[in-house]
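The structure appears below as structure tokens.
The values are calculated or read from the model by the stated rules, or taken from the named source; none is laboratory data. Model, not experiment: these values are computed from the prediction. Here the Cβ positions follow ideal geometry from the backbone for every residue, glycine too, while neighbour counts run over all protein chains shown.
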Amino acid sequence: MFPYNIFLHLLDTLETVVIEGTMRLDPDCLPPSIICPFLLPSTIKELHLSKVSFDGYSVEGMISPAGRLERLSIENVDGGDLGIPSILFDGDYQIFRESVGLTSFRRPYMLNVSSPSLRYLKLDLAYDVFGSVVERFGVPELTDDGFALLHQLFSMEFGAAYFASVLEEGEVFPLQTRTSLLEELDICVGSQYFDHLGYMWQPLAACLTKLTLRIPRGNTGGMGNPITLAGLNVLNTLIICCSYQIVRHVVSVMSTWASPCRSMPGSVFELWLHLESGSPFLHLHCVSSLFLRRRMLASESNSMRTFRGSFIFGLRGLAGNPIDDIDYAITSGIVQDMRDNSAIGLSSAECVRLCSSVMSYAELP
């Protein structure tokens, strides 16, 4: 056990841990595995996991029950959910509880539960541990790794039911990955998850103030239903990142932002378009000031609340493909029209262009 728990035994004041596979993402390369019984010290406040595999282990399992984890990032991972058997036969129930520490070192913390400490979560389920786009073109099995992790992190009906099947009266689990007081969520999922996001918002309704949506281009499964933000009652900042080819479809999400904060001057809406090649000629393919204005004005989908906060329209290019002046000029003109429109009354509006040094958007932070 000791080699797996070097952090626990030798670095007992550690606060930040980054576990990241260093090999390039390739189907022929096996990712590093986090092996049970790896356990981090209770001092950990920030944990970043990228390009790693959980071989029958879980994210919750590697965090001390005595900890106060505040920030968690999960990207390009294989598994990570608590693999609870769908059917527990006589004897299996106790064996499973013992195997994950529910009858031993975790039990005191499950009975005398502290309030959730997690405030920030970044979750990227668009790519698998090899860097390939995750696709699911049939009806998803909720025990699949990505779906199970999503349902367990946000205590949706399926995830909560699975936990309840292995808990006894008065016990609470999970402990460190509870999201019921989450303030900021940065999420990237394919279309096969869109139907599930609405169920995520329910436990976050009274706490989530900042949401970043990274929406990949293309259909990766599911029924293609649009994302809605209905139910996020205190959302103050919305950031949407997408490829310019799908911006008209994606910006419609903004019109469903219905929290009272939407109409306050302190609210923020950022729209970041990824440009993967030369000039896309925004005036032909993308948005107009009229299109954006309609999404910001009051409508039934946003409880008749006009957006009156700060608007940032950003263009982001990759290495070797900087943003052309013509595209920046077109975007600046759109922003100027939005700024001058009295029907909206934005508190501010800004156009930004950036060029990243990375070669693909899967590498962006």
Taking segment 41-61 and the residues there that are without any contact (Cβ under 8 Å) to a residue 60 or more places away in the chain and among the aliphatic types (A, V, I, L, M), the one that is nearest to Leu11 (Cα to Cα) would be Ile44
Mind checking whether some residue in segment 334-353 is assigned to a strand (DSSP E or B) and either at pLDDT below 90 or over 20 Å from Cys242 (Cβ atoms) (or both)? yes
Segment 56-173: strands (runs of 3 or more DSSP E) wholly inside it with 2 or more residues that are in contact with a Leu (Cβ under 6 Å, 6 or more places away or on another chain) are 71-75
Exactly one of Thr237, Thr228, Thr220 is touching a strand residue (DSSP E or B) at 6+ places or on another chain (Cβ under 8 Å), among the polar types (S, T, N, Q) and either surrounded by fewer than 16 Cβ atoms within 10 Å (Cβ to Cβ) or more than 24 Å from Val352 (Cα to Cα) (or both), and that one is Thr220
Across (1) under 22 Å from the mean Cα position of the chain (by Cα); (2) surrounded by 19 or more Cβ atoms within 10 Å (Cβ to Cβ); (3) of a type outside the set (Ser, Thr, Tyr), Asp78 clears everything bar (2)
Contact list, first residue from segment 210-236 and over 15 Å from Met200 (Cα atoms), second anywhere and among the hydrophobic types (A, V, I, L, M, F, W, C) and in a loop (DSSP other than H, G, I, E, B), beta-carbon distance below 7 Å, six or more apart or interchain, is Pro216/Ala126; Thr220/Val134; Gly221/Phe137
